[in-house]
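Heads up, the thing below is written out as structure tokens.
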Amino acid sequence: MNSQPRRGSLAWEGAGLEMRTFEERRPHIDAMTKSEPETQDVFTGKALIDSTAKIHYGRDREEYAKWIQRESPSSARIYISKLNRYLWGKKANTPEELRRIVESISPTKNGFPDRHAYLAIRSYINFLVATGRIRKSEAIDFKAVIPNIKTKARPESAKVISAEDIREILKDVKASKPEVVHARKLYLKLLAFTGLRADEVRELMNQFDLRVIDDTFKAFGIPEEWKEKIAVYDMERVKLPHRKHQTKRGYIAVFPVELVEDLKRFKASGYRMRKDNTYKRTMLEHPEQHKDLALFRKFFQNFMNDNVMSTVPNPPADAMHLIEFLQGRAPKNVGGRNYRWNVQNAARIYYYMVDKLEKELGILEL
């Protein structure tokens, strides 16, 4: 007698549901990898849940994902992607077993060791300690078999980017839709004119509210007549979803008033800035011909430091600290003064510097 459930019966539907439930338990792979989790040694059913292995990402994935999004939101996406790719379906009880897994990790497209994969595994081990699954002494032994690839500091001579370099980058922006071209150019202009970090500029654009500019001028006692030349935006009104609250960040964004209309146009377009649509390779026609976009921040710092003492009337003695404050490189009370004083004087420096900065960059009309 055939013992299989009849198609259409509750038993058949139950079996189908069980299969679908298992499929739903498999992790989603980051779109960038374009691959499914490795299937060898994948543990299913009761073994997947009840495994006592010390290293068993398949068992811990859901809880780890919540933990890493809480502890390091900016790294969560890439770490989960790397662990999905290299640890899914694998188990290890000893450093030697983990070493064999680590040695199977492929180099990057450029032939370099996959530093983010190693960092992801270290992060997972930290999670195991934090949740009491392994002891700290065990974590030390496991981490000993994971290469510690450190990035080399960029030489000072390699940090140089000129205004001409920035103009050429603006001219090379590509997109099939006019609103996307406008958004990408605005993003680059704000990077250059504010000196802020990329994620801060993206979220300033996405969350822009014209009323915040008026609120900022009133709250910090910034002269209203300065609105003719500059906009000052309270960045503490901007949520940075991929950063923990305590992380160092910009406090204000100051930029030429001409960009306010561009920000209003961007908001009306419905387009949104994300990390994956602001890579150099995504935005530019010839990305290999241009310098790193992170250098815009260095350009701002160097230009302001080189010109502040000769351009601003009666500049404060700690003007360079206030420039660091403008970029979120310094604490709120830099110079031993209160936050309100620092906002007022940082805005004053920018007000007197903006004409010279606009002339040097020459990008407002691009």
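Applying the set (1) loosely packed, with under 12 Cβ neighbours inside 10 Å; (2) touching a residue at least 40 places away in the same chain (Cβ under 8 Å) to K152 leaves exactly one unmet item: (2). Kindly indicate whether L295 is touching a residue at least 24 places away in the same chain (Cβ under 8 Å), touching a Leu at 6+ places or on another chain (Cβ under 8 Å) and under 25 Å from I166 (Cα atoms). Taking the combined requirement at face value, the residue does not satisfy it. Take A117 and decide whether it is farther than 30 Å from L188 by Cβ, surrounded by 19 or more Cβ atoms within 10 Å (Cβ to Cβ), among the small types (G, A, S) and in contact with a Phe, Trp or Tyr (Cβ under 7 Å, 6 or more places away or on another chain). In short, yes.
Give A130, A92 a once-over and let me know the one that is more than 30 Å from H290 (Cα to Cα), surrounded by fewer than 18 Cβ atoms within 10 Å (Cβ to Cβ) and in contact with a helix residue (DSSP H, G or I) (Cβ under 8 Å, 6 or more places away or on another chain). Walk me through it before giving the result.
Values: A92 fails: surrounded by fewer than 18 Cβ atoms within 10 Å (Cβ to Cβ).
Step by step, each of A130, A92 is checked, and only A130 is more than 30 Å from H290 (Cα to Cα), surrounded by fewer than 18 Cβ atoms within 10 Å (Cβ to Cβ) and in contact with a helix residue (DSSP H, G or I) (Cβ under 8 Å, 6 or more places away or on another chain).
Please enumerate the residues belonging to the stretch 224-254 that are modelled with pLDDT of 75 or more and among the hydroxyl-bearing types (S, T, Y). Listed by number, the residues that qualify are Y233, Y251. For the stretch 319-359, the set of residues classified as touching an Asp or Glu at 6+ places or on another chain (Cβ under 8 Å) and either at pLDDT 95 or above or farther than 18 Å from I230 by Cβ (or both) consists of A330, V334, G335, listed by residue number.
Applying a threshold of 7 Å to beta carbon distances and a minimum spacing of six or more residues, or different chains, the list of pairs starting in the stretch 54-69 at a residue that is without any contact (Cβ under 8 Å) to a residue 60 or more places away in the chain and surrounded by fewer than 19 Cβ atoms within 10 Å (Cβ to Cβ) and ending at one that is of a type in the set (G, A, S) and in a helix (DSSP H, G or I) reads Q69/A76. Of all residues in the stretch 349-366 being among the β-branched types (V, I, T) and in a helix (DSSP H, G or I), which is farthest from S310 (Cα to Cα)? Ranking the candidates gives V354 first.
For I161, the test of being crowded, with 18+ Cβ neighbours inside 10 Å, in the same structural domain as R249 (by TED's automatic domain parsing) and in contact with a His (Cβ under 8 Å, 6 or more places away or on another chain) is failed. For K143, indicate whether it is surrounded by fewer than 13 Cβ atoms within 10 Å (Cβ to Cβ) and more than 25 Å from the chain's Cα centre (by Cα). In short, no.
State which residue is nearest to the chain's Cα centre (by Cα) when the search covers only the stretch 307-362 and only residues that are within 29 Å of R167 (Cβ to Cβ) and of a type in the set (D, E, K, R). Among those residues, the one meeting the criterion is R329.
Of the residues I78, I49, which single one is over 30 Å from P241 (Cα atoms) and modelled with pLDDT of 50 or more? Quick ask: steps written out before the conclusion?
Details: I78 fails: over 30 Å from P241 (Cα atoms).
Of the residues listed, the single one that is over 30 Å from P241 (Cα atoms) and modelled with pLDDT of 50 or more is I49.
For the stretch 327-366, the set of residues classified as within 26 Å of H182 (Cβ to Cβ) and either of a type in the set (S, T, N, Q) or free of Cβ contacts under 8 Å to residues at least 40 places away in the same chain (or both) consists of Q327, K359, E365, listed by residue number. Residues in the stretch 273-319 that are assigned to a helix (DSSP H, G or I), of a type outside the set (K, R) and crowded, with 17+ Cβ neighbours inside 10 Å: M283, L295, F296, F299, F300, Q301, F303, M304, V308, A319.
The values are calculated or read from the model by the stated rules, or taken from the named source; none is laboratory data. Bear in mind the structure is a predicted one, so any value in this text is a computation, not a measurement. Neighbour counts are summed over all protein chains in view; Cβ atoms, including those assigned to glycine, are modelled from backbone coordinates with ideal geometry.
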